[in-house]
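So the structure is just underneath, and the comments pick up after that.
The values are calculated or read from the model by the stated rules, or taken from the named source; none is laboratory data. Small disclaimer: the values here were computed from a predicted structure and weren't measured. Reconstructed Cβ throughout: ideal geometry from the backbone, glycine too, with neighbour counts over all protein chains shown.
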Amino acid sequence: METIKTWNFFRGYVIIRVEGLTLERFLNLAANNDIYLWDINRIDYTLLEMKATIDGFKALKEVVKKVGCRTEIVDKKGLPFILYKLRYRKMLGLGFVIFLCIIIFLSSLIWHIEIIGNDKVKTEDIRSVLEQENIKKGIIKYKLDKDYIEYLLLNEFDIFSFLSVDIKGTKLIIEVKEQDLPPEKIDTDTPCNIIASKRGVIEKAIARNGKAVVKKGDVVDKGQTLITGVISDEYSEEQIFVHAEGEVLAKTVYSQIINEPIIKTIEKETGRVYERRQLKIGNKGVQFFKGDIPYKDYIESVREVKLFDIDLNLPIKLLVHEYKEVKKEEIKQNIDLLKQSNHIKAVEELNKQLSSGAQIESKDVGHSIKDNVLSTHVVIEVIEDIGEKSIIDSNYKEDID
C-alpha cells in the first residue's frame, strides 16, 4: 500500500468531484475502461469525491460525456505539480530537490523497531539479540533479511511458537506468539507434601497417596500442610518419604469493593479550538507560537501532518497540538442504575480471580453511601481445591508421636 502511495505521489494525481444522477454507471464505465480510481467517498446522493491519476483524469472525459455527469478538480497532488510551481524559483527548487533527497535517504533507513506479542520474554532481551547481528535503528532496510531474523529469534528463544517480520515505512515490526507453558510439574518420584494455596475451611480431604492431616471443619492458613508425604513406620522410628497425591476441597471467601461518585463531573466541548505546531526530530521537538493556552479547562490531542500525503514514518514529524475548550458540568447519577452497574463490575472482577473448577456456594451484596460515594461490596463463598504440591526438604524430619 505504501509503495502504491509513493508511486502515485511521483506520478502526480488529482482529487476530483463528480456530480450527477448516474454515478453508478460512471463508476462502471470507468472500471470497464481500466481507469484507476481510489479513495472514493460519497458526499451525498448525487456527489462523489475520489482520486485519479493525471492520465486517468484525461481518460474520464469520454466517460463523462456518455453519462452526463459534471467533474471538478478539487486539488492537485504530487511531484509534477510541485515542480511546476517551482519552475521560476530556481533556488527554492534546488532546496526542494535537496530536501527530497534527504527524505528519500531517511526513508531508506529503519528508525523504529516494534516488538509485539511478547509477555514472558523481555523486549530488551530480544533487542539485545538483534543488536548482536547489527539489526538496530539506522540500518538500511533493504539489507534486512526477514527470513534470517525469524530463524535467529526462533532459535534463540524456545518459548516462541510463531514469529513474523514485516517492514512498514521506516518501522521494523516483529510479532511473536509465546507458547502457553503448563506449570512446572513435580516428578512422581520426588517426595512432596500438599499444602494450602490460600486460607479456607476444609470441606473434604482425599489422600490418594500420603496421609491427610486435616479434616472437615478445620480452618487452614496459606502454606499449611494438608496431605503429608512423610509416613511413619509403625514398627520403627524410620520415616518414609512419598509423593503425596490427592484433593483438598475447602470453602474460601472472595470480596470486591467498587466505589462510584453519585454526583459526577463531565466535560462538554464548547467548539472552541486552539492549535500549536511542533517540528519533532527524533525525541526532541521545537514548538511554534508558544504562549498561554486561552482556556481554563481543555482536552489536548496531537495529530501528525503527513509529508506529501505519504506515511513514511520518518524521524522528522510535523505535529499539531489541539486544545479543545470544555465546560465542566455536574450530573447526579441514578442510584438504582449505579447499584446495578457497580454490582456487575464487582462480579466481573471476582470472576477473574476464581480458579476454573471453583463452585460458587453463596453471594452477598451490600451497598452504602458516604461522602457522595456509593460503595458496593460483593462477597462470595466458593468450594475449590486449595492444594498445591511442595517438595519435601531432604533435611526434613517430622516428630513422631
Q: Given the conditions (1) modelled with pLDDT under 90; (2) on the phi < 0 side of the Ramachandran plot, report the number of the one that ASP39 does not fulfil.
A: (2)
Q.
ILE380 - would you say it is modelled with pLDDT under 95 and either within 27 Å of the chain's Cα centre (by Cα) or within 30 Å of ARG199 (Cα to Cα) (or both)?
A. no
Q. Has the range 21-39 got any residue that is touching a helix residue (DSSP H, G or I) at 6+ places or on another chain (Cβ under 7 Å) and closer than 25 Å to LYS317 by Cα?
A. no
Q: Go through the range 320-395 and tell me which strands (runs of 3 or more DSSP E), entirely inside it, have 3 or more residues that are in contact with a helix residue (DSSP H, G or I) (Cβ under 7 Å, 6 or more places away or on another chain) and crowded, with 16+ Cβ neighbours inside 10 Å.
A: 373-385
Q: Looking for whichever is at pLDDT 90 or above and within 30 Å of LEU153 (Cβ to Cβ) here; the options are ILE126, ILE73. Which one fits?
A: ILE126
Q) When only residues in the range 57-114 that are over 40 Å from the mean Cα position of the chain (by Cα) and hydroxyl-bearing (Ser, Thr, Tyr) count, which is surrounded by the fewest Cβ atoms within 10 Å (Cβ to Cβ)? A) TYR88
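Listed here are the residues, each with its yes/no results for (1) charged (D, E, K, R); (2) assigned by TED's automatic domain parsing to the domain that holds LEU338; (3) not in a strand (DSSP E or B).
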site	(1), (2), (3)
LYS204	yes, no, no
ARG208	yes, no, no
LYS215	yes, no, yes
ILE227	no, no, no
GLY246	no, no, no
LYS251	yes, no, no
Q: Give the number of residues within the range 302-345 that are modelled with pLDDT of 90 or more and touching a His at 6+ places or on another chain (Cβ under 8 Å).
A: 2
Q: Exactly one condition in (1) modelled with pLDDT of 90 or more; (2) assigned to a strand (DSSP E or B); (3) of a type in the set (Gly, Ala, Ser) is not met by SER161; state its number.
A: (1)
